[in-house]
1. Got a number for residues in region B:12-66 being of a type outside the set (A, V, I, L, M) and within 24 Å of B:LYS115 (Cβ to Cβ)?
2. Take region A:264-279 and flag every residue that is open to solvent by less than 30 Å² (accessible area, probe 1.4 Å) and away from chain B (no Cβ under 14 Å).
3. Can you give me the ranges of the helices (runs of 4 or more DSSP H) entirely in region A:314-421 with at least 1 residues that are within 14 Å of chain B (Cβ to nearest Cβ), open to solvent by less than 20 Å² (accessible area, probe 1.4 Å) and on the phi > 0 side of the Ramachandran plot?
4. Counting only residues that are open to solvent by 10 Å² or more (accessible area, probe 1.4 Å) and in contact with a strand residue (DSSP E or B) (Cβ under 6 Å, 6 or more places away or on another chain), give me the strands (runs of 3 or more DSSP E) lying completely in region A:144-217 with at least 3 of them.
5. Only strands (runs of 3 or more DSSP E) wholly contained in region A:19-133 count here; list those with 1 or more residues that are within 14 Å of chain B (Cβ to nearest Cβ), acidic (Asp, Glu) and out of contact with any Leu (no Cβ under 6 Å at 6 or more places or on another chain).
6. Taking the conditions exactly as written (open to solvent by 10 Å² or more (accessible area, probe 1.4 Å), modelled with pLDDT of 95 or more and over 13 Å from the mean Cα position of the chain (by Cα)), does B:ASN17 satisfy them or not?
Amino acid sequence: MGQTIAEKILASHTEDGKASAGEIIEARVDLLMVHEVLGSRILPILDEMGFKKVWNPNRVLVVNDHWAPASDINSAEIHRRNRNFVKEQGITNFCDVDCGISHQVLPEMGLVVPGATIIGSDSHSTTYGAFNAFSTGLAATDSALILATGVCWFRVPESLRIEISGELGERVMSKDLILKIINQLGPDGANYQSMEFHGPTIDAMSVGERMTMCNMTVEAGAKCAPMPINQDVRFWMEDFAPKKKWKEVTNDSDAEYVDTLQFDLNEDPLEPTVAPPELPTNGKPVAEVEGVPIDQAFIGSCTNGRIGDLIIAAEILKGRKIHKGVRLIVTPASKATYMEALERGIIKILMESGGIVTNSTCGACVGGHLGVLGPGDVCISSTNRNFRGRMGHQDSRIYLASPATVAASALKGVITDPRSV
Amino acid sequence: MVQRFSNITGRAWVFGNNINTDQIIQGQYLRLLDYSEMAKHTFEIPRPLFASRVKKNDIVVAGHNFGGGSSREEAPKVLLHSGVGCVVAESFARIFYRNSFNIGLPLLIVQNGSKLVKDGETVTVNLLEGTLTIKEKGDVIHGKPLPNRMLEILKAGGAVPWYKQRAGHKG
């Protein structure tokens, strides 16, 4: 029996070279990413373990991203602990509060490699599937064990094959596509599974568009979301990791899948999609929610804070003013994204339209800082979760959408189809 | 040891489907460094009185996809700190499932538990047999027995003692 991409990557990281869906295996971890959870939760566990040295200081990335720069005394303390740990352990890859969001900076640092196993102390670690990696989120205890040993046990996931063909259409983005796909699956429709993407639409996408897709697979419960390599990933590797050796991992033609979902976007054109509260899988065509008044419009996060996202927002907002009374907050995903947007004149366009541009951080997406919602606030957001209370007060409401829909809605003050402005 | 797993008896707190980790503990409390402080905010949104009323060994009984969303280990941790003896649900999100056993909080998969059990009823969980018993009615609901790996971690007292045992065994 042939292997899926997830099986093949995991198998190449076990001692006996085997991994079949359903089995429990021990696999080597190529890279571990930890953020503030290191200082707050992992360090006390390491103490309990009697931990001395990290298994390999070159295979760990520490990022201070969630509350960057520190939003209060506790986050400042957590950041201090992380800095000390990095110093004591001689960890080579460290992003302090000036860098940006882990899932964006990790590939920018050239740390993502096709075929690698990457674990993050964050559920959105499925993002690196865009680079043909096996990547998944775990939490504090598993991260502590990996820091000590460099290995982790996994249940090898079954794979769900998703084939997509056709064009996205003007001002329709990969965010709209993933909102539609997870709507079809439901919040646990891919629980424990590998969502393996295929098809010409995925092949034609930029790295950023692919990352948005893989990022949100966890909202359907997926464990990982590997995609085959495409041209833009090859360019990315040349630009950001020219010295890294890697080999693309493909699925075997006779690999076994639990199911195959097919989307033909030419036959069934994709609409801009919006997920009303309180589940990311609530996606529906924008027409069904058009006209809902908003207080805040947020563009940012590991889902949609990349350069392509800022470009489309600027294209919509150029030379225009956002609606009176609406707060538009833009948080670029990384410092590099911010700098590129500065050079391209995008930051100026966004600010002249009435937007607030913040430093790079998870910030408002986790209800941390720089755009927390108050009681009764309605926010249209390019982020990944619209759970009750996610971005602030429990009586605020979040509608998830693409950056284009967020920008168009900021202009009009109500949820708006980006093709109409 | 056996008693610990075969007879977890407490009052049921019944929840619906898709209770995510933000509902268990909101992101704004993750900066608290002390778990007992954090536990005061457990289920603050769906059940504001939970934290002040929960008693040791109470059982959370939920529908499907309990614990989805953020990977935060704080979610099972605050349940454990609140005294919750076991979470019973129709299904669990994968990271929550793993985190719970890692920190020594038992979970049991039982179909229709949240429909058959009424809030406040006394229930008993037997992890070794995979059953949920409703005391007043005497009804026994059969769930899914725990996989060996999870029982192994639970018996060790969580993933850290499990790791130490294995390291000791190897060394």
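The values are calculated or read from the model by the stated rules, or taken from the named source; none is laboratory data. These figures come from a predicted structure and were not determined experimentally. Backbone-built Cβ (ideal geometry, glycine too); neighbour counts: all protein chains shown. For accessibility, only protein heavy atoms count, side chains too; no ligands or nucleic acids. Shrake-Rupley method; radii C 1.70, N 1.55, O 1.52, S 1.80 Å.
1. Adding up the residues that qualify gives 22.
2. If the condition is that a residue be open to solvent by less than 30 Å² (accessible area, probe 1.4 Å) and away from chain B (no Cβ under 14 Å), then A:LEU265, A:LEU270, A:PRO272, A:THR273, A:VAL274, A:PRO276 are the ones that fit.
3. It comes to none.
4. Output list reads A:151-155, A:159-165.
5. Once the strands (runs of 3 or more DSSP E) in region A:19-133 are filtered for at least 1 residues that are within 14 Å of chain B (Cβ to nearest Cβ), acidic (Asp, Glu) and out of contact with any Leu (no Cβ under 6 Å at 6 or more places or on another chain), what remains is A:24-28.
6. When the stated conditions are applied, B:ASN17 passes them.
Residues are listed down the side, and each one gets a yes or a no for (1) more than 26 Å from B:ARG149 (Cβ to Cβ); (2) part of a helix (DSSP H, G or I); (3) more than 16 Å from the chain's Cα centre (by Cα); (4) facing chain A (nearest Cβ under 10 Å):
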| residue | (1), (2), (3), (4) |
| --- | --- |
| B:GLN28 | yes, yes, yes, yes |
| B:SER52 | yes, yes, yes, no |
| B:LYS55 | yes, no, no, no |
| B:ALA75 | no, yes, no, yes |
| B:ASN102 | no, yes, no, yes |
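So that you can scan it fast, the table gives a plain yes or no per residue for (1) out of contact with any Lys or Arg (no Cβ under 6 Å at 6 or more places or on another chain); (2) of a type in the set (D, E, K, R); (3) without any contact (Cβ under 8 Å) to a residue 40 or more places away in the chain:
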site: A:LYS284; (1), (2), (3): yes, yes, no
site: A:GLY308; (1), (2), (3): yes, no, no
site: A:ILE312; (1), (2), (3): yes, no, no
site: A:ALA333; (1), (2), (3): no, no, no
site: A:MET339; (1), (2), (3): yes, no, yes
site: A:GLU352; (1), (2), (3): yes, yes, yes
